[in-house]
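Participant: Can you read through this structure? Questions will come right after.
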């Protein structure tokens, strides 16, 4: 039995009940593909239900007249909707409120609409369900297998809540204000990332140019082959069976270099290994078409890699390696990675290093590269700071919710 713990007034009377006494869940309806149209009323399907938000990516539509024939399935602003099949992903419950942007959508099968029976404030009910349905689903899950929510069983799930609806409203208002803060920060984070993406496109196409510290223009950009600006490294290592070594992995999607852990030399199967150093640029030969490359961070200085990786240092008078790391994420460079890889299957392509090193690139002078890198680093810090605020606010909310029902 869950007990309500946080109170917003000095004396709060609680009552025990079950979810089924508080609400009814109305399931959506399955429609045939032949009924779909190119416009009209969007179908709210299970993939549209996010973690507190509705996501409209490539929606399906029903003709406008379905809003009359299926009126009981038409969603209104403020309605609570819940994913009924695999409702928890990434550790979060897929439950959302319908906003002004979403109203008028038609409820599809495997999504439920919450209808209050009047015993609980509707806004409070949303937050109550956010934690209690998650607990219910986790109690019914076996391993990683999540069942379709049994509405009948959910109705029996016990809960405790304040008798006073005014108390419920105060709690709901506070939690909603936290949600609003998270939404504002999330939007700020998205806008900063979009701004950075747009700026990078303009920088690497030379639409934006930087000036030196005296306000003077830098020289024109020059063309180089990659072999003129990158030095292929081979810092071979003689392994000791009893020594401990740190191995790395390079994440796809330009996700950076991460540790795989520490291993005794005798436990490393591939004995041909090379030492990597802070600031070197590493390419995974078998994963580069998926963006598996990046700079060695300070904490992985001295880690080791096999010959499945290429390791590069910059020509110090021509290339700033942080600038190059950012250049590597551009469409031009991603295409160069792809066309210089051989194989018949996207997961089995092998990088042709020497062929890739013939690729031509346009580069500003070293000092302009450094200016550009510093500017983009400052943007990264702003983006990271906002992301940290989001995570801290989410942790704050999680702590509140955990205290509400113990």
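The values are calculated or read from the model by the stated rules, or taken from the named source; none is laboratory data. In this text the structure is predicted, and so the values were computed from the model without any measurement. For neighbour counting, all protein chains shown are included, and Cβ atoms are generated from backbone atoms with ideal geometry for every residue, glycine included.
Participant: Restricting to strands (runs of 3 or more DSSP E) lying wholly in the range 226-338: which have 3 or more residues that are touching a helix residue (DSSP H, G or I) at 6+ places or on another chain (Cβ under 9 Å) and in the same structural domain as residue 349 (by TED's automatic domain parsing)?
Facilitator: Because the criterion is at least 3 residues that are touching a helix residue (DSSP H, G or I) at 6+ places or on another chain (Cβ under 9 Å) and in the same structural domain as residue 349 (by TED's automatic domain parsing), the strands (runs of 3 or more DSSP E) in the range 226-338 that meet it are 244-250, 257-264, 281-284, 293-295, 309-314.
Participant: Right, something else. Being in contact with a helix residue (DSSP H, G or I) (Cβ under 7 Å, 6 or more places away or on another chain) and within 29 Å of residue 201 (Cα to Cα) is the filter here; which residues of the range 378-406 pass it?
Facilitator: Residues satisfying the conditions are 379, 382, 383, 386, 387, 389, 390.
Participant: Based on this model, can you work out whether residue 235 counts as surrounded by 11 or more Cβ atoms within 10 Å (Cβ to Cβ), at pLDDT below 95 and in contact with a strand residue (DSSP E or B) (Cβ under 8 Å, 6 or more places away or on another chain)?
Facilitator: Yes: the conditions hold for residue 235.
Participant: Condition first: in the same structural domain as residue 47 (by TED's automatic domain parsing), more than 23 Å from residue 404 (Cα to Cα) and not in a loop (DSSP other than H, G, I, E, B). Can you find one or more residues in the range 117-140 that meet it?
Facilitator: no
Participant: While we're here: Checking the conditions here, which among 253, 279, 265 is under 30 Å from residue 390 (Cβ atoms), touching a residue at least 12 places away in the same chain (Cβ under 8 Å) and surrounded by 14 or more Cβ atoms within 10 Å (Cβ to Cβ)?
Facilitator: 279
Participant: Identify all residues within the range 340-362 that are outside any loop (DSSP other than H, G, I, E, B) and either touching a helix residue (DSSP H, G or I) at 6+ places or on another chain (Cβ under 7 Å) or surrounded by fewer than 13 Cβ atoms within 10 Å (Cβ to Cβ) (or both); write none if there are none.
Facilitator: 341, 342, 346, 347, 348, 351, 354, 356, 360, 361
Participant: Continuing with the same structure: Got a sec? Which of 36, 66, 51 is under 22 Å from residue 134 (Cα atoms) and either surrounded by fewer than 17 Cβ atoms within 10 Å (Cβ to Cβ) or in contact with a strand residue (DSSP E or B) (Cβ under 7 Å, 6 or more places away or on another chain) (or both)? It would help to see each step written out before you state the result.
Facilitator: Values: 36 fails: under 22 Å from residue 134 (Cα atoms); 66 fails: under 22 Å from residue 134 (Cα atoms).
Being under 22 Å from residue 134 (Cα atoms) and either surrounded by fewer than 17 Cβ atoms within 10 Å (Cβ to Cβ) or in contact with a strand residue (DSSP E or B) (Cβ under 7 Å, 6 or more places away or on another chain) (or both) holds for just one of 36, 66, 51, which is 51.
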